[in-house]
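The values are calculated or read from the model by the stated rules, or taken from the named source; none is laboratory data. Being a predicted model, the structure only gives us computed values, none of them experimental. We place every Cβ from the backbone using ideal geometry, glycine too, and count neighbours over all the protein chains shown.
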């Protein structure tokens, strides 16, 4: 099944919120079943060369960490037990398309392969992971997975609320910050090869990326030409979180300062980073 990502609305299961519920609500048993499926599914990708194994294990661990962060955010934002289970399901499935992506193309760079969110939806449909689920809850899961990797959420969506879209975007970013803080502390030969998207580690940065950071805009991936640009992109995410709990976790773990400390060369962005951290601190208390 091929999903059309050019539409402004979900073509997966567009429904009206006034429709009667015809499926079952998200139950813990279903979440546990999807978790077991994930373990079994990803195990089929482990029979590969050492370089490939490192990249596959990176994404397995990433999913586990995103699930843990999702639980923290669900608790911090006072989600109901059912809402927390929906968020956990989204976290489990958001990157499941990364595994066939890497097997086919040997890259995690969507522009050189395919949109990994699209691939995730295709895997979900192929394995009937949400079959029998209440249609409204199914839509919440599908659209959260579908939109998790966009630069910004679209103005028009079919889901009645954006809670789960924003939560997976926050949880994903929070673990990506962990990954790269740890990765840049490793010797080059120990790093997962696909993680840095084959960007060269050269001093300096692309002016458009630096300008975006200075104006507190999110850096665009399609403008990244060197590894420093990719680091600036991740730093710029700090003002793209949706929950006070996310900002508190970001500041507690000091990810932004850690990333800034790995920049190659002098980029003269210290004042911009200080401003981002100041604003993140404000949002940690007022959102």
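Points to keep in mind about this one:
- Region 68-113 - residue that is under 16 Å from the mean Cα position of the chain (by Cα) and not in a helix (DSSP H, G or I) and, of those, surrounded by the fewest Cβ atoms within 10 Å (Cβ to Cβ): 109
- Looking across region 232-254, the residues that are in a helix (DSSP H, G or I) and either under 20 Å from residue 215 (Cα atoms) or modelled with pLDDT under 95 (or both) come down to 232, 233, 234, 235, 236, 237, 238, 239, 247.
- Residue that is within 22 Å of the chain's Cα centre (by Cα) and more than 24 Å from residue 186 (Cα to Cα), where the choices are 239, 259, 232: 239
- Output for region 173-188, where each listed residue is in a helix (DSSP H, G or I) and free of Cβ contacts under 8 Å to residues at least 12 places away in the same chain: 182, 188
- For region 136-148, the criterion of being at negative phi, under 14 Å from the mean Cα position of the chain (by Cα), part of a loop (DSSP other than H, G, I, E, B) and in contact (Cβ under 8 Å) with a residue 12 or more places away in the chain is met by at least one residue.
- Restricting the first member to region 107-127 and to residues that are in the same structural domain as residue 93 (by TED's automatic domain parsing) and without any contact (Cβ under 8 Å) to a residue 24 or more places away in the chain, and the second to residues that are surrounded by fewer than 17 Cβ atoms within 10 Å (Cβ to Cβ) and assigned to a helix (DSSP H, G or I), the beta-carbon pairs closer than 6 Å and six or more apart or on different chains are 113/105.
- Residues being farther than 27 Å from residue 195 by Cα, out of contact with any strand residue (DSSP E or B) (no Cβ under 9 Å at 6 or more places or on another chain) and modelled with pLDDT of 90 or more - total across region 1-52: 4
- Hits in region 259-276 (condition: in contact (Cβ under 8 Å) with a residue 24 or more places away in the chain, surrounded by fewer than 17 Cβ atoms within 10 Å (Cβ to Cβ) and not in a loop (DSSP other than H, G, I, E, B)): 275
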